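Report on the structure given below.
The values are calculated or read from the model by the stated rules, or taken from the named source; none is laboratory data. Because the structure is predicted, anything quoted here is derived from the model rather than measured. Note that we place each Cβ from the backbone using ideal geometry, even for glycine, and neighbour counts take in every protein chain shown.
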Amino acid sequence: MKTVHTAPTPSQVVALLLDTTPWLSCEDCFEHLDTYAESVAHGAGPASEPMHRHLLGCAACAEELHTLVELLRADLSDDLHDRG
Ligand SMILES: [Zn+2]
């Protein structure tokens with residue numbers, strides 16, 4: 001099962017395998033959006049595959065995430081010292 005295109009990352013392979021997993025509802029997404037936004041704001045990347053998938057397909061939540069990330073980043077640049 002080897003292809004020569006750009007090699008998918010392990011997480012992308014997992015995403016393909018998880019194709020039948022039900023997507024989160026917006027409500028579920030919202031519940032974890034602040035945690036997810038923090039991860040993105042810190043440059044850690046998507047913290048949750050289902051969240052990532054929902055956000056790819058849901059413009060409303062993606063916009064909410066964008067707003068949160070902007071706020072968090074403003075906060076981060078405002079106070080560069082990690083409270084640890
Ligand atoms: Zn949504």
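Worth a mention:
- Breaking point among (1) away from the ligand (no atom under 14 Å from the Cβ); (2) at pLDDT below 75; (3) in contact with a helix residue (DSSP H, G or I) (Cβ under 9 Å, 6 or more places away or on another chain); (4) not in a helix (DSSP H, G or I), for T20: (3)
- Some residue of the stretch 35-52 being at pLDDT 80 or above, within 16 Å of the ligand (Cβ to nearest atom) and small (G, A, S): yes
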